[in-house]
1. Mind putting a number on the dipole of region A:19-135 about its Cα centre? Charges go on the C-beta only, +1 for Lys and Arg and -1 for Asp and Glu, and I need it in Debye to the nearest 20.
2. Percent antiparallel among DSSP beta bridges with both residues in chain B, to the nearest 5?
3. Between B:Q273, B:Q54, B:Q178, find the one with the highest GNM mean-square fluctuation for chain B; connect C-alpha pairs within less than 10 Å.
4. Could you give the angle, 0 to 90 degrees to the nearest 10, between helix B:54-67's Cα long axis and the longest principal axis of the Cα atoms of chain B?
5. Shape call for the protein assembly as shown from the C-alpha gyration tensor, a ≥ b ≥ c root eigenvalues: rounded (a/c under 1.5), prolate (a/b greater than b/c) or oblate?
6. To the nearest 100 Å², how much accessible surface do chains A and B cover up together, summed over both, with a 1.4 Å probe?
7. Starting from the amide H of B:V75, placed 1.01 Å from N in the peptide plane, find each other amide H under 5 Å away whose residue is 5 or more places distant or on another chain.
8. Just for region B:74-214, what percent of DSSP beta bridges are antiparallel, to the closest 5?
Amino acid sequence: MVNRNVRREFLGYSLTFSCALIAILLTLAIILFLGWKGLAVFTQHKISLTNIFSVHWWPDRPAGAGGPQVGVLTFIFGSVITSTLAVLVSAPLGVTVAVFMAEISPRLGQRFLQPVIELLAGIPSVVYGYIGLSVLVPFIRNNIGGTGFSLLAGVMVLAVMILPTIASMATDAIRALPGTLKEAALALGATRWQAIRTVILPSARAGILMGVVLGLARAFGEALAVQMVIGNRREIPHSILDPLITLTSGITMDMGNTVQGSLWNDTLWFMALILLVLSFFFIFLIRLLGRKGAVH
Amino acid sequence: MLPKKGWFGVIFLILAVSLALTAGCGQKSGTGGGPQGEGKLTGTIVVAGSTAMQPVIEEAAKRFMESNPGVQITVQGGGSGTGLSQVSQGACDIGMSDIFAEEKAGIDAGQLKDHKVLVQAFALVTHPEVGVDNLTKQQIQDIFTGKITNWKEVGGRNQKIFLVNRAKGSGTRATFHQYVMDGKEEAKGDVEQESSGTVYQIVSQTPGAVSYLAIAYLNGKVKPVKINGAAPTEEDISTGKYPFWAFGHLYTKGEPSKVVKAFIDFVLSDEVQNGLIREMKYFPVKGMKVERKP
């Protein structure tokens, strides 16, 4: 009996260990591959930094006509502006939902709101994109202005997509607080609103911020839904009603049409590398915030 | 929650799936034929490339495998650029492309063998209410270079033109650029999209919109426009009146192996040319009276 348990213990241990090892190796392999492919623009094509960090995108022009220009600044700007604005819309909404679910009406929250939020998270992004394309874009064109394909449409679609991430992370953070915190506040004579504003939200700050950063990271990586509504015009937008392009949509639109090893293709890999670096930055941020939260 | 034995099944499944995924197009394919003798074909063929050709080649592959059970054909999309570079590197046996290999920068066309298997027609399409039935090539060029910005300048309604470009470098756009624009550079336009489905959706719902689509995507909600009075029909294309079409190419690296050749011959057979290819709104390659060179 004991022997069997020991054997099982060992088997379980080695299985978990090898799976973890595979995961680590895969991540390392992806990082190495992206680094190698992404830096080929510098090592093989000898593209200068001023060329790659410009706004001029003519990867197909011959040298005689002023090309090839592979500036990716337009794409980086598009990604940063869309995701930041989406988080600015989504974060207050998500935190409010979380407070409602965890503090104001836990019963309604658990029975009704939580499944709704989970449902939102489960809808495939192409569906969001299609709804955006056939409902949101005409709505903006007819009621607000512009052609409809715009930064605004991208922000709205993204905001809905990252809402579940922020809301559920914030709910968990609030629910994880010890009940004594709130009880003490109420015992001191605080109203419910005062307890939420001055005690609960500040105490759950680290967890809420983590949710926001995760939402931001998700917004950065989203490709399909955004691509369908932002117009993909390779220009820096001048207003919220102008079309623009993001890193992800630039990559998905051109990747299949370019030849491996060409400057154009390698520039797309460089854009993917930038996405990877950005998401590392976000993970680093999450770690930092998580460590701060552990003080409690 | 799973019963104890279930875990092993799950882990095995995950490993199996990840192995299968990493195999992908890069796998070494059998060259087929060989000692089995005449009549019995065996081997695997991996086809990759143009998403425009993918549905018809997929269907042809299915029929080919039904009559040759020893042959396994995998058809993947990925785009013309992917098809050409994969076949050059030997990562797949057949590369599908909408354009000549010579026209794609970075491809050594000398080592590839071209098999033209079908003709694909494209149509200029507009939102149904712009009020234009026919445009000259010159008018189309003026619209897409941004010189003309209102439909009334070409005889339509007083409506701003909404330009939908295809992704730079896509096979469809390359064909448009070469045979309709005569090489003139397109304006940035209002919107750029890659997928034909999205282009269809945008043109059908956006007032004043204009773009171009493979005729398989034509449907009541967008209006095809004649070019110089000619329509994307087999007659106008084969006599050279209608310019907006492209060959569908299957490229092999050097001479095809026996099993690959058998498959390409099957695609070129009357059965597929006059059956499947017509059914799926492409045109057979044999009726072409105009010659087109890279």
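1. It works out to roughly 140 debye.
2. Values: 24 of 41 bridges.
Here the share of antiparallel DSSP bridges comes out near 60 percent.
3. Comparing B:Q273, B:Q54, B:Q178 in the GNM, the peak value goes to B:Q178.
4. Once rounded, the angle reads 30 degrees.
5. Working: a/c = 2.12, a/b = 1.37, b/c = 1.54.
Cα axes put the protein assembly as shown in the oblate bin.
6. Details: alone 16500 and 14320 Å², together 28110 Å².
When A and B are taken together, about 2700 Å² of accessible area is lost.
7. Under 5 Å from the amide H of B:V75 lie the amide H atoms of B:V47, each far enough along the sequence or on another chain.
8. Details: 6 of 11 bridges.
If I count the DSSP bridges inside region B:74-214, around 55 percent turn out antiparallel.
The values are calculated or read from the model by the stated rules, or taken from the named source; none is laboratory data. As the structure is a computational prediction, the values presented were derived from the model and not from experiment. FYI the Cβ positions are ideal-geometry reconstructions off the backbone, even for glycines, and counts take in every protein chain you see. Side chains are part of the model used for accessible areas, which takes the heavy atoms of the whole protein and leaves out ligands, DNA and RNA. Shrake-Rupley method; radii C 1.70, N 1.55, O 1.52, S 1.80 Å.
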